[in-house]
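For reference, the structure discussed in these notes is given below.
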Amino acid sequence: MIPVIYPSGTRPRANDRTRSFMLAAALVILAATSLPAQESKPGEYQVKAAYLFNFGKFVKWPAAIPAEKDTSFTFCVLGHDPFGPALDSILAGEDLAGKPVTVRRIARPQDSGPCRVLFISSTEESHLKEILTVVDESGVLTVSDIPGFSRRGGMIQFVVEGNKVRFEINLTSAENAKLILSSELLKVAAAVRRNAPPGD
Amino acid sequence: MPNPSPSRIWRAIVATPVVALALSLASPVETACANASPDDQAATGNLKHLSLEELGDVEVTTASKEPEQVWRTPAAIYVITQEDIRRSGATSLPEVLRLAPGVEVARIDSDHWAIGIRGFGGEFSKSLLVMIDGRSVYSPLFAGVYWNVQDTMLEDIERIEVIRGPGGTIWGANAVNGIINIITKSAKDTRGVLSSWSSGSIDQGIGSFRFGGSTGKDFNYRVYGTGFIRGAEFHPDADHFDDWRTGQVGFRTDWNLTSRDILTWQGDMYTGLDGERVAVGLYSPPSTLVIDGPHEVGGGNILGRWKRQINDGSDVQIQGYYDRTSRYSPQLDEVRDTFDIDLLYHLTLKGNQDVLLGAGARWSPDNITAKFQTLDFLPHQETDSIYSWFAQDQLPIVPRHLWLTVGSKFEHNNYTGFEIQPNARLLWTPATHQTFWAALTRAVRTPSRLDRDLELTDFLVTPPPTYLRVVGSKDFKSEQLLGAEFGYRTLLAKKLFVDIAVFHNRYTGLYGYGAGSGFVELTPTPPHIILQLPLANALDGSTTGFEITPDWKPSQWLELKGSYSYLSLTVQDRPGFTDALNTDSDNGSSPHHQVMFQSLVNLPKRFELDATVRYVSALPAQNVNAYETADVRFGWRATPSWEFSLVGQNLLQPEHAEFGSDIDTIVGIKRSIYGKVTWTRQLETHP
């Protein structure tokens, strides 16, 4: 428990530095020249992008929809876009509700007028409250992976369980926006919640 | 003393006001997604034809959210993920810690380690706070960690957060040189069955089994059992005392009481036989007795945590635990019970100020049984108590670009009374993908029972029979640290993330020997000469150094990462003291240079080839030469259920020494190999 005086003789070491470093270098070269994986798993946001497309299919918008939402079926990403090319490549050339699908990146929630599906990036977490107020009841399906999103009034929240992507639904928020979520969607959801009464 | 998760704390303090600028602070992981290869696009195309149900079953490479947090943490933090652990081939927690920069992990023998952060590593290294799910595992007996009883199923660890540098403001006394926070997965993430079996040349057998389930969407649980048999390392004297075996069982439940309340219960029980060699002084011949034999260790703990989201930006958490450890060794028995309760309250004030308030209490009674007259702690029973409060506020100075965090801990302990541990931290994000941070911190290492109550006598020479006696001192005060740190993080290129941290720490009143005295003792017979050294705050010191930690992920199939850690450590006598023993030992027991390099390669057909190479410079006071060695893992995820791997450890030489031991002979850490089979079956989460 206390430092003791060690014998002064040092043991000869078996290691040969040059050989070690050559082996290390060989490992690096091996690593750098190996073939790329052919069966790599899809990325988290590729799956999320595919989900967004499905949400477009399984949600019904009210018949009396503002004109700006009706010229095309627009998916919007608010804040930093985590999808990369995945969203565009999934939605390219698709039609939903008889309209051509378009993708927009917007910086402010006020620009969400044309959007039917609004993905709120996790970069916007700090003004989520403000965002949800602005887009409230304007026929926009709000989707995000911000923790607690569905509890905080968002409609669909992605959750990653293990290494699978699932989603939770806040039905009250969707109903407030006059959106009808199909039973398929509700069945598959990891959780369906209604806004808790105040004080819970 | 509150022991919340480091990332959680800084996330709580930092994330809310800062996320706004995350547009300019996207994580490297996210950036990587933006540069998908043509293969990825093909994969994306296939995904859109899947049904909702099928999408839910697609396994993805999850983009860890950690880098996002790391960007905005005004401290030198490094996160080891479950994937890092799996691919490292490590079979124990200390081996996993080798992945972190600035951490010195030296294996003394099969079941002993010397672990330090930014210097002062040793078997009984102090000033390092280690927590498992918010439960402190340092022993108040010597203010260090018994690493050979800190085990859990490695597969159940979600992440390990390693913070270099002082964190006393939030985590309290002993969070002086660093904090290691081991966080296990929520029970929600361990539904299903996992069974893994390993066997090899030194890790002769490791078996783990876990079952997790749920009774609906809101209540999840798991139970696990794990055990291993480990053989001895290389002993030049062919005295293989350090074989080791341990068994542990445990459980965890996570219950979502309401949409905003989570109640967690968890607990573990373990028992082990640690092979160990101890040298004990005797007043009659043979004067020194060397005892080889297993130490019986055992213990258990139970922890409850209730967390409530009050509203947007404010939450409260209350946690309590009971922990029992017992160690029965040939020289000393220690039985200790620890009771701890912590309260943590986080709120957002106007102007985007994030405030964190905490309070805690801990009582830790122990019972020491001496086996020899030459080693004792007096009194045999003592109750350590700590009462603590802290407050910390993060306020934006320049919105979205500059934040100041100030706070302090006020702690009362039964040895030195009140201790104050303040800190101030600045976080500056001038541009896209750039973070600067700086911190000034005071931290203390409060006295342990060893510093106060030890009485250890060792045989020196004869004739006449002369003994060296080290005694604790009631005057031993807290060791103090004043630390200045500076850090920088940037994306050098699209997929090359670099983290640089620089530090200078000044220590006052470090542990050492005070002025000695000599006298003749008549009892026990025969009469003998005692040279007595009292423990005292005899030394001052300073450390200066830096760590550079790059992480490069050029493609989906290759990731290269590593670190270089430089440390200069100087310890000298305080005025009025001369203690060459401890100054030499301190000055020569921490490596000046450490290099770690890791390559993770995803081969076709779900094969994986992972290699870790590390270099550690010499430790003259430990008679340890510089060494470099390597671990290689070859894995195959044959099906979603079956995974096979073959791991070689310490491959570059038949054996190498990493640290001296309490007894004279240095143990060599052997080259070893093991094979592992893992079977998992996930339970259907939505039937």
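Every read-out reported here was derived from the displayed coordinates using simple, explicitly stated rules and does not represent laboratory data. These figures come from a predicted structure and were not determined experimentally. Cβ sites come from the backbone with ideal geometry, for glycine too, and all protein chains shown count toward neighbours.
Observations on the model:
- Ranked packing of A:106-119, B:107-120, B:491-504, most packed first, by mean Cβ within 10 Å: B:107-120, A:106-119, B:491-504
- Residue mean of other protein chain beta carbons inside 10 Å, B:555-565: 2
- From least to most packed, judged by other beta carbons within 10 angstrom and beginning with the fewest, B:Asp342, B:Asp354 follow the order B:Asp342, B:Asp354.
- Cα-based shape type of segment A:44-193, given that a ≥ b ≥ c are square roots of the gyration tensor eigenvalues and the cut on a/c is 1.5: rounded
- Computed over segment A:44-193, relative contact order equals 23 percent, with contacts defined as Cα pairs under 8 Å that lie 6+ residues apart.
- Principal-axis tilt of helix B:38-47 within chain B, Cα atoms, nearest 10 degrees: 70 degrees
- Alpha-carbon centroid distance for the pair segment B:515-578 / segment B:184-214, whole angstrom: 37 Å
- Fraction of beta bridges assigned by DSSP in segment A:44-193 that are antiparallel (%, nearest 5): 35 percent
- With K and R counted +1 and D and E -1, the other residues having a Cβ less than 13 Å from that of A:Leu96 yield a net charge of +3.
- Counting DSSP beta bridges with both ends in the protein assembly as shown, the antiparallel % (nearest 5): 90 percent
- Near B:Leu404, once Lys and Arg are set to +1 and Asp and Glu to -1 for all other residues with Cβ below 12 Å from its Cβ, the sum equals -1.
- Dividing the mean sequence gap of close Cα pairs (under 8 Å, 6+ apart) by how many residues segment B:615-671 holds gives a relative contact order of 28 percent.
- The mean number of Cβ atoms from other chains found within 10 Å of a Cβ in peptide A:88-96 is 2, as a whole number.
- Whichever lysines have a C-alpha closer than 20 Å to that of A:Lys129, once near sequence neighbours (fewer than 8 apart) are set aside: A:Lys178, B:Lys350
- Fraction of antiparallel bridges per DSSP, chain B only, in percent to nearest 5: 95 percent
- Using C-alpha pairs below 8 Å separated by at least 6 residues, the relative contact order for chain B is 12 percent.
- Label zone (B:Ser284, point 7 Å along Cα-to-C-beta; backbone nitrogen cut-off 18 Å) within segment B:437-467: B:459, B:465-467.
- B:Tyr387 sits among other residues whose Cβ lies under 12 Å from its own Cβ, and their net charge, with Lys and Arg +1 and Asp and Glu -1, is -3.
- Bridging of B:Lys676 to lysines at a Cα separation below 26 Å is possible for A:Lys41, A:Lys164, B:Lys185, B:Lys188, B:Lys561, B:Lys605, once same-chain residues fewer than 8 apart are set aside.
- Excluding same-chain neighbours fewer than eight residues apart, the aspartates and glutamates reachable from A:Lys57 by a Cα-Cα span under 12 Å are A:Glu94, A:Asp95, A:Glu184.
- Pairwise centroid distance, computed over Cα atoms, of segment B:360-390 with segment A:48-112, Å: 64 Å
- ³J(HN,Hα), Karplus 6.51/-1.76/1.60, whole Hz, each residue of segment B:498-504, x for Gly, Pro: 10, 10, 10, 10, 10, 8, 9
- Overall form of segment B:115-228 per C-alpha gyration tensor (a/c, 1.5; a/b vs b/c): oblate
- Helical mean residue ellipticity (222 nm; -39500 (n - 2.57) per DSSP H run of 4+; nearest 500) of chain B: -2000 deg cm²/dmol
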